[in-house]
1. Testing residue 113 on (1) assigned to a strand (DSSP E or B); (2) within 12 Å of the chain's Cα centre (by Cα), one condition comes back false. Which one is that?
2. Could you please find all residues in the stretch 104-130 being modelled with pLDDT under 85, touching a helix residue (DSSP H, G or I) at 6+ places or on another chain (Cβ under 9 Å) and either within 24 Å of residue 24 (Cα to Cα) or surrounded by 10 or more Cβ atoms within 10 Å (Cβ to Cβ) (or both)?
3. Does the stretch 29-45 contain at least one residue that is in contact (Cβ under 8 Å) with a residue 40 or more places away in the chain and more than 15 Å from residue 7 (Cα to Cα)?
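The values are calculated or read from the model by the stated rules, or taken from the named source; none is laboratory data. In this text, all values refer to a predicted model and were calculated from it rather than measured experimentally. Please note: Cβ atoms are built from the backbone with ideal geometry, for glycine as well, and neighbour counts cover all protein chains shown.
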């Protein structure tokens, strides 16, 4: 039986970078990590609905429109209480966006927190905290 702290992490991307992050998050944790390659917005949103992740991890170096992607994700009430983390190849800075904990009537305000992550455990902590 999974721990009460088990979190579902959904990583978008199929490069060695995302593979490495998935490995780091899986080793010696209760995190359930799923990866998928981006093909289009519709398939991505279907994957999100099917997997119901607690955390969605995106790589900033992919050619996606992150403003549009965040708008789509924040429009999904099923992600209430979840989190989006955007990682970078070129530095240790991550962007953390938290979804409101309850369903919302109006468009929620996206607040970005930028955090420097230098150790695996720091990234895991941002994936576990809700």
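1. Checking residue 113 against (1) assigned to a strand (DSSP E or B); (2) within 12 Å of the chain's Cα centre (by Cα), the one that fails is (2).
2. Hits for the stretch 104-130 are 104, 108, 110.
3. no
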